[in-house]
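One structure is given here, and the rest of the page talks about it.
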Amino acid sequence: HVYTDYFFNESAYDYHDGGYVPLEKHDAPESKLNIPEVLKPDKVDGDDVWYTVEAQTGETQILPGEKTKTWGYNQSLLGKTIIYEDGKNYHVTLKNSLPELTTYHWHGLDVPGPYIDGGCHAPVYPGEAKEIEFPVHQPAATTWLHAHPCPLTGWDVWHGLACAVVVKDQHEATLPLPRNYGVDDIPVILQDRRFDEHNQWNYDDDYDPDGTEGPTALINGTVNPYFDVTTQKLRLRFLDGSNRREWRLHLSDDMVMTQIASDGGLLPEPVYLTKLMMTCAERTEVVLDFGKYKPGDEVTLYSDDTPILKFKIHEFTKDDTEIPDHLADIDYPDPDKDSLVHQVVMSGTDEEVEINGKKFGMMRIDDRQELGKSEYWDITNTNDCCGGMIHPYHSHGGQFMVISRNGEAPYPNERGYKDTIGVNAGETVRVKMKFNHPGIFMYHCHIIEHEDGGMMAQLQVYTKDDPYKKYKLMDMKTL
Ligand code: C2O
Ligand code: CU
Ligand code: CU
């Protein structure tokens, strides 16, 4: 079966309190899609691996003419792709060479909070370096790293502090899927910006409390990109790394995308679709099969009606491998019958955004859950004005499973591990979530300006033997 419609309710798409910025094709010439290099370890000793991630300022030739002032991890814009392996121990030096404080948040990694998780409470000051250490223990997935200083996450990410973090494991390695990085397996980081006449970005001018957008699609930091296809199958690791934008993706010829993974890893079975909508911070892995194309052909990826990435087909060897009908066993415990249901009500737009009637308080713990226990969370979006808007809900601290949308079955491509979920206006999404590490974790809308504007809360994951453990929390005022 091939799904030919978006799963989301289309009427909510473009209502954006009047601020929606449609994409437009930029008049810059096309250029080769930038494929970030893989970050090299500083040292490897058995199962222990050392990396340095340096946040830095720089200048990037994105458009002809003047370079754009940008930020990045170990490079001038975005970052080198980090590859972690399930079962290994990582020692990561977080170095801040920016003129201001930042944090390093591992979005989608199952690590302890709040300091390793890297949300608001883990600042690294300019000129400082801090080493964190953690084991990676989770299924193969596309996760990401981004800055998360509260309330300046929007500013940092807009300048470029985001990169792909790929987790590999032994199960995924046995499946007949493309995994030759840069050749048939590539990250596709979806962002949008507005360039001024000097090719610069001006976050403050474009700022919108309902989410900052620009009209130009920026894919892996490239404007008007193309990718040379040299294999029959190509695996795309989409990451919606934009501050606000939803991407409504489809290909020329209505080419079918085989979705194999969501945020936290492989789906139980592949989902075939021609239209894919992604909300902020979500990841989707799809495989494209160019079997019926010949050298010289082109396939174009669109968001709405705007072309955002072109695939140029070259000679390739025939590939008869088939994507298995069963990709992964999803095994997630059910909550106890009497377990409480956490409530998250996202309300308001613009400066009025809140969770459960409150703005984020850095020193306030809003909810609590015991380590290792699975519990239900009901996530509600009360926006009903003017068609409403989608709030992409995200929880730090691991992956959840979607149970239902307003009591109905989740969308077919939501049957795997998720850490971010688009919640439609007027909808309650029920998930079950278990935390594998103690600590303080944030949960919030991932429209980054909503998060910065206070549509965020935090919970303590506690252990029975120290249920009220104190953590050193940052106060927004002390930033
Ligand atoms: Cu991408 Cu608080 O997260
Ligand atoms: Cu996160
Ligand atoms: Cu929101």
query: Under the condition of being of a type in the set (Asp, Glu), closer than 23 Å to residue 262 by Cβ and at pLDDT 95 or above, which residue from the stretch 284-325 is nearest to ligand 3 (Cβ to nearest atom)?
result: 285
- prompt: In the stretch 195-208, how many residues are of a type outside the set (A, V, I, L, M, F, W, C) and touching a residue at least 60 places away in the same chain (Cβ under 8 Å)?
  reply: 5
query: Restricting attention to the stretch 217-228, does a residue exist that is more than 30 Å from residue 87 (Cβ to Cβ) and among the charged types (D, E, K, R)?
result: yes
query: Does residue 236 qualify as being out of contact with any Ser or Thr (no Cβ under 7 Å at 6 or more places or on another chain), under 21 Å from residue 169 (Cβ atoms) and either open to solvent by 10 Å² or more (accessible area, probe 1.4 Å) or of a type outside the set (D, E, K, R) (or both)?
result: yes
query: For residues in the stretch 342-384 being without any contact (Cβ under 8 Å) to a residue 60 or more places away in the chain and β-branched (Val, Ile, Thr), which is least open to solvent (accessible area, probe 1.4 Å)?
result: 379
- prompt: Does the stretch 264-320 hold any residues that are open to solvent by 10 Å² or more (accessible area, probe 1.4 Å), under 13 Å from residue 229 (Cα atoms) and in contact with an Asp or Glu (Cβ under 7 Å, 6 or more places away or on another chain), and which are they?
  reply: 295, 310, 312, 314
task: Answer with yes or no whether residue 29 is over 23 Å from the mean Cα position of the chain (by Cα), in a loop (DSSP other than H, G, I, E, B) and more than 14 Å from residue 160 (Cβ to Cβ).
output: yes
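Check the stretch 326-342 and report whether any residue there is within 16 Å of ligand 3 (Cβ to nearest atom) and within 29 Å of residue 435 (Cβ to Cβ). Break it down into steps so the answer makes sense when it comes.
Kept after step one, since they are within 16 Å of ligand 3 (Cβ to nearest atom), are these residues of the stretch 326-342: none.
No: the stretch 326-342 contains no residue that is within 16 Å of ligand 3 (Cβ to nearest atom) and within 29 Å of residue 435 (Cβ to Cβ).
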message: For the stretch 387-413, give me each residue that is within 16 Å of ligand 2 (Cβ to nearest atom) and on the phi > 0 side of the Ramachandran plot.
response: 397, 398
query: Where in the stretch 148-223 are the strands (runs of 3 or more DSSP E), entirely inside, with at least 2 residues that are outside the structural domain of residue 290 (by TED's automatic domain parsing) and small (Gly, Ala, Ser)?
result: 162-168
- prompt: Which one is nearest to the chain's Cα centre (by Cα) among residues in the stretch 210-252 that are among the hydroxyl-bearing types (Ser, Thr, Tyr) and away from ligand 2 (no atom under 16 Å from the Cβ)?
  reply: 212
task: Find the residue count for the stretch 426-439, including only residues that are assigned to a loop (DSSP other than H, G, I, E, B), away from ligand 2 (no atom under 14 Å from the Cβ) and open to solvent by less than 30 Å² (accessible area, probe 1.4 Å).
output: 0
task: Please work out which residue is surrounded by the fewest Cβ atoms within 10 Å (Cβ to Cβ), limiting yourself to the stretch 1-54 and to residues that are at pLDDT below 90 and touching a Cys at 6+ places or on another chain (Cβ under 8 Å).
output: 17
query: Can you spot a residue in the stretch 127-138 that is modelled with pLDDT of 95 or more, of a type in the set (Val, Ile, Thr), in contact with a strand residue (DSSP E or B) (Cβ under 7 Å, 6 or more places away or on another chain) and within 25 Å of residue 179 (Cα to Cα)?
result: yes
field: Any hit, the stretch 450-460, residues being of a type in the set (Asp, Glu) and within 16 Å of ligand 2 (Cβ to nearest atom)
entry: yes
message: Anything in the stretch 66-88 that is open to solvent by 10 Å² or more (accessible area, probe 1.4 Å), assigned to a strand (DSSP E or B) and not aliphatic (A, V, I, L, M)? List them, or say none.
response: 69, 71, 85
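The values are calculated or read from the model by the stated rules, or taken from the named source; none is laboratory data. Here the structure is a predicted model, which means the values were calculated and not measured. Backbone-built Cβ (ideal geometry, glycine too); neighbour counts: all protein chains shown. The accessibility values were calculated without ligands, DNA or RNA, using every heavy atom of the protein model including side chains. Shrake-Rupley method; radii C 1.70, N 1.55, O 1.52, S 1.80 Å.
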